[in-house]
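A.B. asks: Structure below; questions to follow.
The values are calculated or read from the model by the stated rules, or taken from the named source; none is laboratory data. On a predicted model such as this, the values are computed, not experimentally measured, just so you know. Here Cβ is always computed from backbone atoms with ideal geometry, including for glycine, and neighbour counts include all displayed protein chains. Just so you know, the surface numbers come from the protein's heavy atoms only, side chains and all, with ligands and any DNA or RNA stripped out. Shrake-Rupley method; radii C 1.70, N 1.55, O 1.52, S 1.80 Å.
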Amino acid sequence: MDYRGQNIARVDVLVIGAGPAGSVASALLRQQGLQVLVIEREQFPRFSIGESLLPQSMEYLEQAGMLEVVNAAGFQVKDGAAFARGAQYTAFDFRDKFSDGWSTTYQVPRARFDHILALEAQRQGAELRFRQEAIAVDLDGARPCVTVKDPNGEKYVVAAGFILDASGFGRVLPRLLRLEKPSRFPVRGAIFTHVEDHITAADFDRNKIRVTVHADHDDVWYWLIPFSDGRSSLGVVAERDFLAGYEGTAMDRLRTLIDEQPALRALLSQARWDTPARQIVGYASDVQSLWGKGYALLGNAGEFLDPIFSSGVTIAFKSAALAAAVVPRYLRGEAVDWEGDFATPLKRGVDTFRAFVESWYRGGFQRIIFHPRQPQEIRRMISAILAGYAWDEANPYVRDTGRRLAALEELCYQE
Ligand code: FAD
């Protein structure tokens, strides 16, 4: 394309999107002395879903120099994950896990969390521009160029040394470059809200996400994520057609679905429902490639599996850390292997989570975790993966995920 006469900004790295992936990547690139421009479509703080972090993610916040601001924010500490089905209940404590590393993390309202990370990336020297939307890309020239629309509708072009697409569900480059490919998972949706929870049950553990399985449908589940201010995030996940079978507003449907679960209904009996519910359908996504000439896809702009194991932000951070290690070498003109140094190592952990997600939806994982007899060492290996250590090859459930899970499921079915 001929950009003569147009307003062109030149940067080392253009980051599209200031979510977790974009902010962590920006900070890591700044640490290596690169000039970074972040364009973000929204004005922060803005709502986002994905509030239960995994301890593994703390490692990347630490690398990005963001731990201090996150620790200072007063978020709800998270030390595990609890699962409930009818009268059954089991809780994993991440302090008891196979892999080394962080054992606790936070449950975060994302509007505030994402804003804190973005401002920290800015403080570290990234240029952050809100309300700027990436609308076109051109990879034909010497430098990849992105056309950006500002809040007045004016357009300008950014010529970057490299583009990191961290646009999440916006999926900017996958859409513009036709990289999208359908996810192998069925189309599921979620309905969710925030409530003033007023939970008084003495045995309720605010330090854990609570996942409740629908009494009659193994593949329908609810999340309850307590925050530090007496509020909680609450949501239900099911196949699209199942959700469509319920009538009324998103709020009506969410409340009806919660009323179907006596334990959850009792926990939330005093809750104040003060925020309209939202619905999102068809979030699972995949791409043909996670990188190409002059660009790489981070976080949800690449692949998104499923919310069941709260892996999204951890994967977003991991992708940012891997890419930030390769970009400077690429910009110095060194030969880099994007597949070997970025895509393959990223997919390793994503594939671990994928096997767990598949096991969850065929009911096997539930059979494992609710089984009356569980060897402690196996629980510790599973706990490590639930804590996000899906890349730890020392863990047999990472090295050999699919086969190990299938064998364990089989054992549980026999007993
Ligand atoms: P995002 O957080 O989506 O950020 C992308 C940013 O890019 C946004 O701010 C957006 O405004 C901006 N953008 C988009 N288009 C453009 C454009 N054209 N130009 C400029 N900017 C643009 N993950 C967890 O870790 N824990 C959970 O508990 C969890 N629960 C979930 C529940 C549900 C129902 C769903 C669907 C997902 C859940 N996730 C969870 C996943 C989590 O939401 C994502 O994985 C995570 O937000 C990905 O981060 P990201 O930085 O890749 O993208």
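A.B. asks: Can you find a residue in the range 265-277 that is surrounded by 16 or more Cβ atoms within 10 Å (Cβ to Cβ), among the aliphatic types (A, V, I, L, M) and closer than 16 Å to G189 by Cα?
C.D. replies: Yes, some residue in the range 265-277 is surrounded by 16 or more Cβ atoms within 10 Å (Cβ to Cβ), among the aliphatic types (A, V, I, L, M) and closer than 16 Å to G189 by Cα.
A.B. asks: Follow-up. Exactly one of these conditions fails for A84: (1) outside any loop (DSSP other than H, G, I, E, B); (2) of a type in the set (G, A, S); (3) surrounded by fewer than 17 Cβ atoms within 10 Å (Cβ to Cβ). Give me its number.
C.D. replies: So A84 meets the others, but not (3).
A.B. asks: Follow-up question, since we're still on this one. Given the condition surrounded by 17 or more Cβ atoms within 10 Å (Cβ to Cβ) and part of a strand (DSSP E or B), answer yes or no: does some residue in the range 238-252 qualify?
C.D. replies: yes
A.B. asks: Cβ-Cβ below 8 Å, separation at least six or inter-chain, first residue in the range 18-46 and acidic (D, E), second within 14 Å of the ligand (Cβ to nearest atom) and in a loop (DSSP other than H, G, I, E, B): which pairs?
C.D. replies: Qualifying pairs under 8 Å: E40/G17; E40/A18; E40/R131; E40/Q132; E42/R131.
A.B. asks: Out of the residues in the range 372-395 meeting the condition of being in a loop (DSSP other than H, G, I, E, B) and surrounded by 16 or more Cβ atoms within 10 Å (Cβ to Cβ), tell me which one is farthest from the chain's Cα centre (by Cα).
C.D. replies: Only one residue tops the list, namely N395.
A.B. asks: Quick one: K293 ticks every box in (1) open to solvent by 50 Å² or more (accessible area, probe 1.4 Å); (2) within 27 Å of T200 (Cβ to Cβ); (3) more than 23 Å from the chain's Cα centre (by Cα) bar one, so which box is it?
C.D. replies: Only one criterion is unmet by K293, namely (2).
A.B. asks: Sticking with this one: For the range 330-340, does any single residue satisfy the condition of being more than 30 Å from L28 (Cα to Cα), surrounded by fewer than 19 Cβ atoms within 10 Å (Cβ to Cβ), in contact (Cβ under 8 Å) with a residue 40 or more places away in the chain and under 23 Å from the mean Cα position of the chain (by Cα)?
C.D. replies: Scanning the range 330-340, I find no residue that is more than 30 Å from L28 (Cα to Cα), surrounded by fewer than 19 Cβ atoms within 10 Å (Cβ to Cβ), in contact (Cβ under 8 Å) with a residue 40 or more places away in the chain and under 23 Å from the mean Cα position of the chain (by Cα), so the answer is no.
A.B. asks: Continuing with the same structure: When the residues of the range 218-237 are narrowed to those that are open to solvent by 10 Å² or more (accessible area, probe 1.4 Å) and farther than 21 Å from G80 by Cβ, which ends up nearest to the ligand (Cβ to nearest atom)?
C.D. replies: For the range 218-237, the residue satisfying everything is D219.
A.B. asks: Say we look at the range 30-69 and pick out the residues that are among the acidic types (D, E) and within 18 Å of S103 (Cβ to Cβ); which of these is nearest to the ligand (Cβ to nearest atom)? Talk me through it step by step, then tell me what you get.
C.D. replies: Taking the range 30-69 as the starting set, the residues that turn out to be among the acidic types (D, E) are 40, 42, 51, 59, 62, 68.
With the extra rule that they be within 18 Å of S103 (Cβ to Cβ), the set shrinks to 59, 62.
Working: E59: 14, E62: 17 Å.
So the residue we want is E59.
A.B. asks: While we're on this one: Here is a list: S269, S289. Which entry is over 27 Å from E303 (Cβ atoms), at pLDDT 95 or above and assigned to a loop (DSSP other than H, G, I, E, B)?
C.D. replies: That would be S269, the only listed residue that is over 27 Å from E303 (Cβ atoms), at pLDDT 95 or above and assigned to a loop (DSSP other than H, G, I, E, B).
A.B. asks: Can you list the strands (runs of 3 or more DSSP E) lying wholly within the range 98-189 that have 3 or more residues being assigned by TED's automatic domain parsing to the domain that holds A324 and open to solvent by less than 40 Å² (accessible area, probe 1.4 Å)?
C.D. replies: Hits in the range 98-189: 105-107, 133-138, 145-149, 155-165.
A.B. asks: Would you mind finding the one in T90, T104 that is of a type in the set (V, I, T), more than 14 Å from the ligand (Cβ to nearest atom), at pLDDT 95 or above and within 30 Å of R253 (Cα to Cα)?
C.D. replies: T90
A.B. asks: Any idea which of (1) part of a loop (DSSP other than H, G, I, E, B); (2) open to solvent by less than 10 Å² (accessible area, probe 1.4 Å) is the one T193 doesn't satisfy?
C.D. replies: With respect to (1) part of a loop (DSSP other than H, G, I, E, B); (2) open to solvent by less than 10 Å² (accessible area, probe 1.4 Å), T193 is out only on (1).
A.B. asks: Do we find that V327 is in a helix (DSSP H, G or I), away from the ligand (no atom under 16 Å from the Cβ) and in contact with a helix residue (DSSP H, G or I) (Cβ under 9 Å, 6 or more places away or on another chain) in this structure?
C.D. replies: Values: in a helix (DSSP H, G or I): yes; away from the ligand (no atom under 16 Å from the Cβ): yes; in contact with a helix residue (DSSP H, G or I) (Cβ under 9 Å, 6 or more places away or on another chain): yes.
Judged against the criteria, V327 is a match.
A.B. asks: Something else about it: Considering only the range 56-68, state which residues are open to solvent by less than 80 Å² (accessible area, probe 1.4 Å), touching a residue at least 40 places away in the same chain (Cβ under 8 Å) and under 17 Å from R30 (Cα atoms).
C.D. replies: Within the range 56-68, Y60, L61, A64, G65, M66 qualify.
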